[in-house]
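**Student:** Input: one structure, supplied below.
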Amino acid sequence: MLLLGLCIVAWSFLGFFKGKKNAQKLKSEGSLKELPLYYGYYVALWSSLPPLFMILIYFLPFPIFFDVSQEVREYFPWIFLNLVALCCFFYASHRIKPNFKARRLIERLVKFFFFLTALVAILTSLGIILSLLFDALRFFEIVSLQDFFFNTQWSPQLAKRDPANAFGILPLFSGTLLITGIALLVAIPLGLFSAIYLAEFARISTRSFCKPFLEMLAGVPTVVYGFFAVVMIAPLLQGIGNFFDISVSSESALGVGIVMGIMLIPFISSLSDDVIRAVPRSLKEGALGMGATPAEAICHIVIPAAFPGIVGAVLLAFSRAIGETMIVVMAAGLSAQMTGNPLKSVTTVTVQIVSLLTGDQEFNSPQTLAAFALGLVLFIVTLCLNMIALKVMRSFREKYD
């Protein structure tokens with residue numbers, strides 16, 4: 001398959017150079033009014049797209065061609081591809097004439113390609129929603145909405161005996177919100193203060209050195225954060241708790257929240273830095289001209305002006321924290337309990353989704369269907385947060401464009 005793809009690419013390059021050469025010849029005669037580049041693109045597309053489409057049809061999982069011997073079947077794709085590409089190549093090459101407008105066709109094809117990519121994105125999102133929705137509806141035929149959203153017990157192991165009282169989402173969301181709240185308490189001050197320093201106080205050399213290192217945290221894999229939480233933060237918190245004679249769980253919400261907050265710092269810092277720097281400098285200069293100190297100008301002028309963008313950054317970080325999986329899977333517990341004590345072990349929605357889909361469970365079992373219900377709820381919550389964040393940030397851009 002790879003060699004067939006390389007063959008199609010070779011035909012595309014050959015068509016491009018042939019079409020461009022023929023167009024340049026006509027241009028030298030003074031009978032061509034468009035750039036030769038468009039004619040090269042035209043022949044290249046004709047030499048590659050139809051063969052690609054035919055080969056994709058040939059490799060469909062159901063038979064569409066007549067039965068042939070195995071030897072012929074091995075060489076048939078090569079013969080078929082080159083034959084179709086050769087015919088399309090000569091057809092497109094002979095269409096290059098002075099009155100032929102290739103630019104209009106290329107622009108239509110580019111518009112169709114953009115429309116196709118947007119359609120694929122929309123259909124993919126719709127497919128994700130429908131796949132979650134259908135299986136979630138099957139789950140809600142077993143467990144009612146009232147039991148699912150208002151029950152305080154989460155015990156999937158009791159699903160066969162009493163499914164109505166085995167799937168209560170409140171303990172999961174309480175643990176999720178507890179860990180997310182701790183993460184935001186860590187990420188918001190550190191991210192916002194570092195953004196203020198980089199945008200208003202740091203020298204250019206300091207900013208060019210510190211900002212890449214700060215944003216490098218966003219490129220660290222989440223599994224590394226999970227290892228860091230298990231190996232470093234959890235033993236450290238237990239040691240501090242033993243020193244003060246306080247019981248700290250090895251899978252405490254505090255440890256997970258701290259590490260998740262470190263992961264969220266680049267999101268808040270980078271977005272806040274951009275919105276702070278987008279505030280018109282005339283506002284700060286006017287405040288300084290009226291006798292305000294730099295700190296007063298930042299606190300009373302710059303931050304309020306950038307506040308919508310900062311709120312958008314915090315909401316995006318909030319949605320990122322709710323959907324985080326790897327850190328909480330590695331460092332959080334599996335015990336679903338409603339508690340506000342950050343030193344105890346809690347579980348989250350993402351941990352339970354992974355737990356329910358791991359093992360030899362049947363696809364039609366309540367445990368497996370419950371994972372789709374959790375995924376649908378998590379998807380709706382994250383989507384709402386992202387929409388709110390984008391709306392807030394859009395209002396900020398409209399104000400200062």
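**Student:** Being in contact with a Leu (Cβ under 9 Å, 6 or more places away or on another chain), outside the structural domain of Lys344 (by TED's automatic domain parsing) and surrounded by 11 or more Cβ atoms within 10 Å (Cβ to Cβ) is true for just one of Ile142, Ile169, Ile128. Which residue is that?
**Tutor:** Residue meeting the stated conditions: Ile142.
**Student:** Here are Leu288, Leu374, Leu316: which of them is free of Cβ contacts under 8 Å to residues at least 60 places away in the same chain and in the same structural domain as Ser269 (by TED's automatic domain parsing)?
**Tutor:** Unique residue meeting the criteria: Leu288.
**Student:** Would you pick out the residues in region 207-263 that are assigned to a loop (DSSP other than H, G, I, E, B) and loosely packed, with under 13 Cβ neighbours inside 10 Å?
**Tutor:** Matches in region 207-263: Pro221, Phe244, Asp245, Ile246, Ser247.
**Student:** Arg161 is checked against (1) part of a helix (DSSP H, G or I); (2) exposed (fewer than 15 other Cβ atoms within 10 Å of the Cβ) and fails just one. What number does that condition carry?
**Tutor:** Of everything listed in (1) part of a helix (DSSP H, G or I); (2) exposed (fewer than 15 other Cβ atoms within 10 Å of the Cβ), Arg161 misses just condition (1).
**Student:** Please state which of the following conditions Ser269 fails to meet, knowing it meets all the rest: (1) exposed (fewer than 15 other Cβ atoms within 10 Å of the Cβ); (2) of a type outside the set (A, V, I, L, M, F, W, C); (3) at pLDDT 90 or above.
**Tutor:** Of everything listed in (1) exposed (fewer than 15 other Cβ atoms within 10 Å of the Cβ); (2) of a type outside the set (A, V, I, L, M, F, W, C); (3) at pLDDT 90 or above, Ser269 misses just condition (1).
**Student:** Restricting attention to region 235-270, which residues are under 30 Å from Ala305 (Cβ atoms) and without any contact (Cβ under 8 Å) to a residue 60 or more places away in the chain?
**Tutor:** none
**Student:** Would you mind telling me which numbered condition in (1) modelled with pLDDT of 80 or more; (2) out of contact with any Phe, Trp or Tyr (no Cβ under 6 Å at 6 or more places or on another chain) Pro98 fails?
**Tutor:** (1)
**Student:** In this structure, is Leu192 closer than 30 Å to Gly309 by Cβ and either of a type outside the set (Phe, Trp, Tyr) or free of Cβ contacts under 8 Å to residues at least 24 places away in the same chain (or both)?
**Tutor:** yes
**Student:** Might you check whether a residue that is in contact with a Phe, Trp or Tyr (Cβ under 8 Å, 6 or more places away or on another chain), of a type in the set (Phe, Trp, Tyr) and outside any helix (DSSP H, G or I) occurs anywhere in region 123-145?
**Tutor:** No: zero hits.
**Student:** Restricting to region 31-54, name every residue that is in contact with a Pro (Cβ under 9 Å, 6 or more places away or on another chain) and surrounded by fewer than 20 Cβ atoms within 10 Å (Cβ to Cβ).
**Tutor:** Residues satisfying the conditions are Ser31, Lys33.
**Student:** Another one. Output the qualifying pairs, or none if there are none: Cβ atoms under 6 angstrom, residues six or more apart or on different chains, first residue in region 75-102 and outside any helix (DSSP H, G or I), second residue at pLDDT 80 or above and not hydrophobic (A, V, I, L, M, F, W, C).
**Tutor:** These pairs meet every condition: Ile96/Asn22; Ile96/Tyr39.
The values are calculated or read from the model by the stated rules, or taken from the named source; none is laboratory data. Every value quoted in this text rests on a predicted model; they were computed, and no experiment measured them. Don't worry about glycine lacking a Cβ; one is built from the backbone with ideal geometry, like all the others, and counts go over all protein chains shown.
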